[in-house]
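What follows is one structure encoded as structure tokens, with my remarks underneath.
The values are calculated or read from the model by the stated rules, or taken from the named source; none is laboratory data. For clarity, every value in this text was computed on a predicted model and none was experimentally measured. Here the Cβ positions follow ideal geometry from the backbone for every residue, glycine too, while neighbour counts run over all protein chains shown. Please note that ligands, DNA and RNA were not included when accessible areas were found on the heavy atoms of the full protein model with its side chains. Shrake-Rupley method; radii C 1.70, N 1.55, O 1.52, S 1.80 Å.
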Amino acid sequence: MTETFYRKIAIGSFILAAIGISLGIAFPHLLRKIIKSQINLKPGSDPRKMWEKFPISIQFSIYVFNVTNPEEVQEGGKPKLQEVGPFVFEEWKDKYDIEDIEEEDAVEYNMRNTFIFRPDLGLSGEEVVTFPHPLIQVMGIAIKRDKMAMLNMIAEGLEEIFKPTSPFIRAPVMDIFFRGIDVDCGSDNFAAKAICLNFHTGAVKGAEKVDETHFKFSLLGAGNHSDGGRFKVSRGTRDYRMVGKVLEFDNDEQLNVWPEDECNQLRGTDSTVFAPLMKPSDGLWSFSPDLCRSLGPQFQKKTTYNGLPALRYVMDLGDVKNEPENHCFCKDYPDVCPHKGTMDLSLCNETPMIASQPHFLNGDPKLLADVEGLQPDEKKHGIFIDFEIISGTPLAIAKRLQFNLDVEPIDKIPVMSKLRPLVMPLFWIEEAVALSNDFTKIIKGKVFTTQTIVNVFMWNSVVIGLCGVAFSAFMISVRRQDAQKIFDIKT
């Protein structure tokens, strides 16, 4: 082989190595550019189709706290609770009345959740539980706090409508949550008519009319397949970081719920889409109309899901009294703030309800001490999201939230006159979804398989190229030494 031959090998090897190095430098930028151009809510795009109607159902589970000693509690005793569940539903999310606003790169729509009961995945729903009466207790406490002058009349009306012998109701779970409990508005009593007027005008959320004198009230039934509010969000075609960001809710750029504007801001998305290429420190902010606030799980650790590298985000409700940025979630800081690990929902839905993590996980120890039967467990009751950060895809989600009644005694309502002041657990819900192998294979194919192939080609090109250059240089050196020896012999 001549020196010219090895020079050609060296040049070719150098070019191969240069291609590999250039590809290694350019490909990440090219991949980012492709992802930025594809992950948006442009009409007709694949992300838009999945965003409009989520292709898989969320598993929605309810766990109810059965009060096993209602007579003792009525007399001021500590509640003893027994968790009953799960009651499992398919939850389907879709959007309708969709309208694109080209000049704003935005889209407006109404959100809707539909629940389909799946007794084959849990309990039947016919299990009878003893549960704080969702009208007597809630209405009585709310009126006492906000409209004290009306308490006598409301107490008389509740007595006329329900004729209660207990502050609790004993009924099948499906009646309490979806089918509804009976409300008889046939009385001519003035106080009863005043209460029932709110049912007739639709002011009582959860009430559905049966006939002119009867209603059914349930905690969740009226929200099934119903309007969840009007959103305007960014489509993200001009700026990928804005994709799905909530711009308006019910035609307002911020809420008008909390004492200060900071807590009324609409942060994040509607939770059905997230921007790609986020940094772990960004937080997965999303706006929840049911809680009248945005929530932002924070990065905890790196993990894997079905072979995909992922980041785990976790969340709790914090301690607003000791978090300056969250003081506006207090009714009147510092005197009226919720316990650590809870959120006061009274300004949000005008009921004496308190949100927390299930079993008061990460909450004030006093909450746990005021009742019996709770056992907080991070694995069972924690909130987490496993998130693929390149494509912006949530891989596995467990959103868990407990709803509690902020109980206090009411002298004007005999069955409530001796109740112990406490935060009473009612039920907790879990919204869980985990992408199947079919979906994760798509992500692998579009992002990681391509990335792996490019990396393999890049390193092989660099290694083979550099080895080729080194080998050619060595062979050229050998050829020159041999030529020099022959020249020396001849001379």
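Considering only residues that are charged (D, E, K, R) and in a strand (DSSP E or B), look in the range 98-118 and name the one that is nearest to GLU408 (Cα to Cα). Only one residue tops the list, namely ARG112. Restricting ASP406, ASP411 to those that are of a type outside the set (A, V, I, L, M, F, W, C), open to solvent by 20 Å² or more (accessible area, probe 1.4 Å) and more than 26 Å from LEU220 (Cβ to Cβ) reduces the list to ASP411. Residues in the range 328-346 that are closer than 20 Å to GLY296 by Cβ and either open to solvent by 70 Å² or more (accessible area, probe 1.4 Å) or in contact (Cβ under 8 Å) with a residue 40 or more places away in the chain (or both): 8 in all.
Kindly evaluate MET1 against the criterion of being within 34 Å of the chain's Cα centre (by Cα), at pLDDT below 90 and surrounded by fewer than 19 Cβ atoms within 10 Å (Cβ to Cβ). It is false that MET1 is within 34 Å of the chain's Cα centre (by Cα), at pLDDT below 90 and surrounded by fewer than 19 Cβ atoms within 10 Å (Cβ to Cβ).
Put simply, of GLU104, GLU126, GLU83, GLU71 the only residue that is of a type in the set (D, E, K, R) and in contact with a Pro (Cβ under 6 Å, 6 or more places away or on another chain) is GLU126.
Residue-level check: of (1) under 27 Å from SER271 (Cβ atoms); (2) open to solvent by less than 60 Å² (accessible area, probe 1.4 Å), LYS205 misses just (2). Would the range 251-267 turn up any residue that is touching a Phe, Trp or Tyr at 6+ places or on another chain (Cβ under 8 Å) and assigned to a strand (DSSP E or B)? Looking for residues that are touching a Phe, Trp or Tyr at 6+ places or on another chain (Cβ under 8 Å) and assigned to a strand (DSSP E or B), one finds none in the range 251-267, hence no. PRO119: more than 30 Å from ASN251 (Cβ to Cβ), open to solvent by 50 Å² or more (accessible area, probe 1.4 Å) and modelled with pLDDT of 95 or more, yes or no? Yes: the conditions hold for PRO119. Restricting attention to the range 68-97, the residues being part of a strand (DSSP E or B) and loosely packed, with under 15 Cβ neighbours inside 10 Å number 3. Residue count for the range 271-299 under the criterion of being more than 22 Å from HIS327 (Cα to Cα), assigned to a loop (DSSP other than H, G, I, E, B) and in contact with a helix residue (DSSP H, G or I) (Cβ under 9 Å, 6 or more places away or on another chain): the result is 6.
When every residue of the range 7-16 is checked against the conditions, none turns out to be polar (S, T, N, Q), open to solvent by 80 Å² or more (accessible area, probe 1.4 Å), assigned to a helix (DSSP H, G or I) and modelled with pLDDT under 90.
Counting only helices (runs of 4 or more DSSP H) that sit completely within the range 312-421, those holding 3 or more residues that are of a type in the set (D, E, K, R) and closer than 21 Å to PHE60 by Cα correspond to 378-381.
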